[in-house]
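The values are calculated or read from the model by the stated rules, or taken from the named source; none is laboratory data. Bear in mind the structure is a predicted one, so any value in this text is a computation, not a measurement. Cβ atoms come from the backbone with ideal geometry, glycine included; neighbour counts cover every protein chain shown. Only protein heavy atoms, including side chains, enter the accessible area calculation; ligands, DNA and RNA are left aside. Shrake-Rupley method; radii C 1.70, N 1.55, O 1.52, S 1.80 Å.
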Amino acid sequence: MARRRTLAATLLLAAVAGAAAQGRITLPAGSRLPEPTGTCDCTDTPTTNKPVCGGDLVTYGNECVAFCANVLIVSEGQCPVCEIVSGDCQCGDAPFEPVCAFGLTWTDKCDADCGGYSCPQTPGVCTYNANGTFEATPGDAPAGGVAAAAAKTTLPAVGSAKYDYTEGLHKTLIFFESMRSGVLDRQRLAWRGDSCSDCVGPEGEDMSGGYYEAGGSFLKLGLVEAFLVTMQAWAVDQFPGGYEKADDLTNALDAIKWGADYLVNAHSAPNQFVAVVGNSTLDFNYYGPVEEYQDFVAERPSCYINAANPGSEIAGEAAAGLAAAYIVMKANKYGAASTVNGYLSHAEDLYAFAKNNPGSYQDLKDPCLAQHGELYRSTGFVDELAWAAAWLYKATGTASYLTDARRYYGQLAQPGYSFETGEKLPGLQVLMADVDPTKAAAYQADSKVFLDLYVKQTIPHTPKGLAYPYHWGALRPATQAAMLALIESKQLRATNGDAAYAAQLFNYAKYQIDYVLGDSGRSWLVGYGTGYPDRLWHKPSYNSYIDWPLRGVDIFANWTAQQTTGKFKQFTYLQASKLEMEGSKLPQKFIAYGALYGAPLKNDGLPAFTRKDYTYAESTTDGISGITGALAGLGEYFTTNQGPQDDCGLDLGWTHPNATVLEKSINNTAVCLGVPSPVTVRNPTKAPTKPTRRPTRRAAAAGGTPDSAGAPDAAGSPNDAAAPDTAPDAAQPIAAEPDAASTPGDSLPAASPVAAPDAAPGTTPLVSAQPGAAPTAPADGITNGGITSGDSPVTAPGPSSASPDGATAAPTSAAASTAVFSVALCTAVAIAALALAA
C-alpha cells in the first residue's frame, strides 16, 4: 500500500525485526522463473518448507508459491533481512541509478536509504517476471523540454490547445465516483456498488459516506477526506469555466457535497470529530471487493480527535473544506439552503475546536489515531489553522478570521518542496494573496520562492521534464504544483501583476499536464489518450463484486473440515486473493477512468507487466485532486477542442455479463449523458444494510434528530427541497432517494486486529511483509505478509463469475480463466500447507 512522505521525502515504513545485513547483492546467474503453461498446480508440494528469495527481495514459502506469484527466483533460502530505520534526508537530482529493496524500486541508493532500506539492495529496477524490468516510454520530449517552456514569457494563443483538457477533467470526476463509500445515490459504474453501509462512529454516527483514501485502501482518514473537499471546491471556485465547458459543474458540485456531508456527520459534538474509520493492517491485506469487505474483515473501528486527543490539522482542514464547500455551493445555488448553511456552521465550530485545543495528531498514542500519523505525515498544525482561517474569511468576511490568518501565517517559515495533505503552506501563500489583496505582493513574493523550485527546475525532473521531488507517487506533487501555478498565474493577470512571470507559471503548469496527457510518449491518466498503464494498484477495478476470480472457486476442496475452519480458512482465502492480484500480469478488468498513475520511473519508463510496486502503480484520491484543478484551469483558458463531455462511448462495465439488466436499463440514458440520475440504483442481489445510529450529542442537545440539529440526511441526499433561488439547469440538486428497506446481514464473529494466523511453530510463512503493513516478525526474521486474522468465517461463495468483456482486455477464453483460478488455487493450497506444517 503506497504511503506518503514528509517534505524531506521520508517514507514512514513499518519496522521489520531481524539483524541488519549490510551491503548490496546481485542477481546470480541461476535466477529463474518457470513460465506458466495455462495452469499453476502446487498440489504435489503442499507441505514443502523450502523458502526461496524472489527477485523483488521478498521471501516466499517455497518455489511453487513464487512461481504462482509470477516472481523471479533469485536464490534458495530466505532473503537477507534488513533493519529498517528511516530518517529525514534529501537526495537531490542524482542520476537514475535504481536499486531494488524489499520488493520496491527506488530511484537510487540514497532514495532507498532515506526510505530506511539501506540493505539489502540489488542494482536495477526490481525484476518481478520474465518480461523484463521496465517498459521504455517511446518518443522524445517536446522541443526544448521543460526548461524552454518555463522560460517563455508570453501566453499561448487561446485557440492553440493540443489536448482536450475537459475530457481529462470529466474522467477524473469519474475516478472520484469510483472511490465513493456508502449507499450510492446512483450507480454510474457497473463494477461499483454500495459499501460500508454499516460503518458508524464511536457514538453511532453515520460514517458510511465519503471517499476511500487510495486504490489499495478502503480506509477513511479525516485529513485526507477534508483535503479532498477543499481542493475540489477550490478548483470550482477558481476555474468554473473549465467545468462549464465540460458540462460537468453539476458532477463536480455533487462530488464536493458527497465529501462535505461526510465531514458534517463526523462532527457530532463541538469538540469532537471522527478522525479514522478502519484498521490499516486489516485493510491493506483485504483484496476482495469493497462491497463485501464486512463479510471477511472485522467491523471497522473508528475513533475521535477531541480535547483530550487533539488533532488541529484534521479539525482545521475539515473547517477549510466545509467553508470552501459553502462558498461554491452558495455561488452556484446548489443543494438545500439548510444543508449549505450547515456547512458554514460546522466549519466555524471546527475551527474553534482546532484553535482552542492546539495539538498535532502526529503526537497521539491511541492506536486507532496513531495510524493516521503513520500513513500521512504532518509538518505541524499552524499552517492548517491559517488555512482554515483564510477560507473562513473568504466565506464570511469576518475580520477576526483574517487577523488569525495573518498571525498564523507570520509564524510559518518557507515550505519544503511539495504541496500536499500534510503541508499547506504553498497553497496558503496563493490563497492569502486572493483573500488579503492589500498584502498580495508580499504573499506572491513568498509563493514565488516555492514555485521557482519547479519553474527553475531546482527540484529534480525526469529527462522528459516531469517534476520529480521524490519517486513515491511523484505525479501527485507535480500536478498539485501545476494547479497552484495556474491559480497564481490567473491572479497575477487579473491584478495587472508581473505578466511575464504569470506566463512562465502558466507555461510550466501546462507542460506538466501535457506530460501526463501524452507529451511524455504515453498518457499517465487512465482512460485518456494512448499507452496509459493498465496494471494498477487499484483493488476496485481489479477485484470487482461483479468479477472476482475467487468467487465460486472451491480452494478448500482437498482439505478436511478441521483444516478449513476459523482463522485458518480466513487467512488462506485472503492470502490467495492477495497473490492472485499481485502475481497477475493481466490488465485491470475494468477501466478506472481518471485514475492518475502514481509515478513513472525516473527515466520516464513504466515498470513492466506488474502492478506489485504500489509506490508507482497506485492511484489515490488526494493524488488526483491537483490534476483535477489544473485540467479545469487549462480547459477554461483555451477556446478550442474543449468539451462538452459525456459518458457516451466509455466502457463503464455495463456490457459485462454480471452487470444486471435492471441496472443497465436504468442507467443507460443517465450514464451516457453524464448527469446525476434521479433514479435510485442499487445492486438488486445485495441489499445494503442501514447503519445503526444512536442520537449524537449534537442532536441530543437540540432535543431532536441529527437532521434537526443541522446535520444532513443520509449521505448524498439533500435535507430539503432545492434552495429557493433559481439555479441554472446545470446546477440542479439530485433528487432525494427514499430509504431502502434494511436487510439484516449474517452475524459474523469479529476478527481480532492483532491476531496472528494459526500456523504451527517453525512454519515458513507465505511471503514477507509489505512495507507499511505493520507486520510482526517471527524469531526467524520472516513475516507473514501483514495478514492478520480472527475467527470470522468466509461466506459461502456465490455463483461463478464470468470473464469480463473483451474490451476490458481481460481474459475471455476458458483456458485463460482457468489459469487465473488455478493460480489462486495453488497459492491457497501452498499457504494452507505452510500454515499447518509443523
Of all residues making up segment 446-469, the number that are open to solvent by 10 Å² or more (accessible area, probe 1.4 Å) and within 19 Å of A390 (Cα to Cα) = 1
Which condition breaks for L392 when tested against (1) more than 10 Å from E313 (Cβ to Cβ); (2) open to solvent by 10 Å² or more (accessible area, probe 1.4 Å)?
-> (2)
For segment 219-246, how many residues meet the condition of being out of contact with any Gly (no Cβ under 6 Å at 6 or more places or on another chain) and either modelled with pLDDT under 95 or in a helix (DSSP H, G or I) (or both)?
-> 15
Given the structure, is A190 farther than 30 Å from A502 by Cα, at pLDDT below 95 and within 30 Å of the chain's Cα centre (by Cα)?
-> yes
Only unsatisfied item for T281, checking (1) closer than 21 Å to D206 by Cβ; (2) at pLDDT below 90, is (1)
Can you pull out the residues in segment 395-445 that are open to solvent by 60 Å² or more (accessible area, probe 1.4 Å), assigned to a helix (DSSP H, G or I) and of a type outside the set (A, V, I, L, M)?
-> S400, T403, R406, R407, G410, P437, T438, K439
Quick one: L385 ticks every box in (1) open to solvent by less than 50 Å² (accessible area, probe 1.4 Å); (2) within 28 Å of A474 (Cβ to Cβ) bar one, so which box is it?
-> (2)
Which one is most open to solvent (accessible area, probe 1.4 Å) among residues in segment 494-536 that are within 28 Å of L586 (Cα to Cα) and among the aromatic types (F, W, Y)?
-> Y532
Report yes if E292 is within 30 Å of W537 (Cα to Cα) and in a helix (DSSP H, G or I), otherwise no.
-> yes
Hey, can you tell me all the residues within segment 127-147 that are surrounded by 16 or more Cβ atoms within 10 Å (Cβ to Cβ), at pLDDT 75 or above and either assigned to a loop (DSSP other than H, G, I, E, B) or among the charged types (D, E, K, R) (or both)?
-> E135, T137, A141, P142
Qualifying residue in segment 470-480 (condition: of a type in the set (S, T, N, Q), in contact (Cβ under 8 Å) with a residue 24 or more places away in the chain and surrounded by fewer than 23 Cβ atoms within 10 Å (Cβ to Cβ)) | no
Among the residues of segment 463-478, how many are under 20 Å from G629 (Cβ atoms), part of a loop (DSSP other than H, G, I, E, B) and out of contact with any helix residue (DSSP H, G or I) (no Cβ under 7 Å at 6 or more places or on another chain)?
-> 1
Residues in segment 159-205 that are under 14 Å from V277 (Cβ atoms), open to solvent by 10 Å² or more (accessible area, probe 1.4 Å) and not in a loop (DSSP other than H, G, I, E, B): how many?
-> 1
